[in-house]
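Colleague: I'd like to ask you about the structure that follows.
The values are calculated or read from the model by the stated rules, or taken from the named source; none is laboratory data. Quick caveat: nothing in here was measured; it's all calculated off a predicted structure. Glycine also receives a Cβ, built like all others from the backbone with ideal geometry; neighbour counts cover every protein chain displayed. Ligands, DNA and RNA are stripped out before the accessible areas are found, and what is left, the full protein with its side chains, is counted by its heavy atoms. Shrake-Rupley method; radii C 1.70, N 1.55, O 1.52, S 1.80 Å.
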Amino acid sequence: MNNRSRAWIRRRLRSLVVLELFNIPFQAAVWFGVTGLPVTAANAVGFALFALFLVEGAAYWLAKLRRLAAPGTPLPGVRAFAALRVINMPVLAAGVLFTLWATARDPGSGSVPGLCFALFAVLEHVNYFHTQLMYDTAEDLRNLRRNGLRRAHLARDLERGDGRRKSRLGEPTP
């Protein structure tokens, strides 16, 4: 990889970290401030799930950025990401069930947005830990049209165990 492509990747990773974190207060301001959604238990739980996954996403891109500075090293926090992949499931299930219950009990602006936030959190979990759902560059879109959906970057890092590329013999390579 040449210095120019490394610089592009570094800028891309930094922008992903910043955008994920920026979206938390921005979305809160838009939905709860500008549009005036009520801050109910259902809306707060759904938004908290959404925010949690944005933080996890930012942490992953930051880890990738740090690993770019030290090629061949394990992905920083790979064990934490492996644990999060498992821990997220009951957290998501509880949040979705709660917001679904709240929406069934009293549908409206006090619950439906919370359910939508919770469902978006599920999509974020899938996007980071299983299958890439976000395709925002021309190259990504071309690849999607040619090959269909692909494994998420974090899922591939976790499959390798320590976040390092493995040789055909299964040994980590620098």
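Colleague: Checking PHE53 against (1) within 25 Å of VAL18 (Cβ to Cβ); (2) open to solvent by 20 Å² or more (accessible area, probe 1.4 Å); (3) among the hydrophobic types (A, V, I, L, M, F, W, C), only one condition comes out false. Which one?
Modeller: Unmet condition: (2).
Colleague: Consider LEU68 carefully, then state whether it is buried (at least 16 other Cβ atoms within 10 Å of the Cβ) and in contact (Cβ under 8 Å) with a residue 40 or more places away in the chain.
Modeller: no
Colleague: Any residue in the range 86-99 that's over 17 Å from ASN43 (Cβ atoms) and modelled with pLDDT under 95: show its pairings with residues that are among the β-branched types (Val, Ile, Thr) and surrounded by 13 or more Cβ atoms within 10 Å (Cβ to Cβ) at Cβ separation under 9 Å, as long as the two are six or more apart or on different chains.
Modeller: Cβ pairs passing all conditions: none.
Colleague: Sticking with this structure for a sec: Would you check if ARG145 is among the basic types (Lys, Arg), modelled with pLDDT of 80 or more and in contact with a strand residue (DSSP E or B) (Cβ under 8 Å, 6 or more places away or on another chain)?
Modeller: Spelling it out, it is not the case that ARG145 is among the basic types (Lys, Arg), modelled with pLDDT of 80 or more and in contact with a strand residue (DSSP E or B) (Cβ under 8 Å, 6 or more places away or on another chain).
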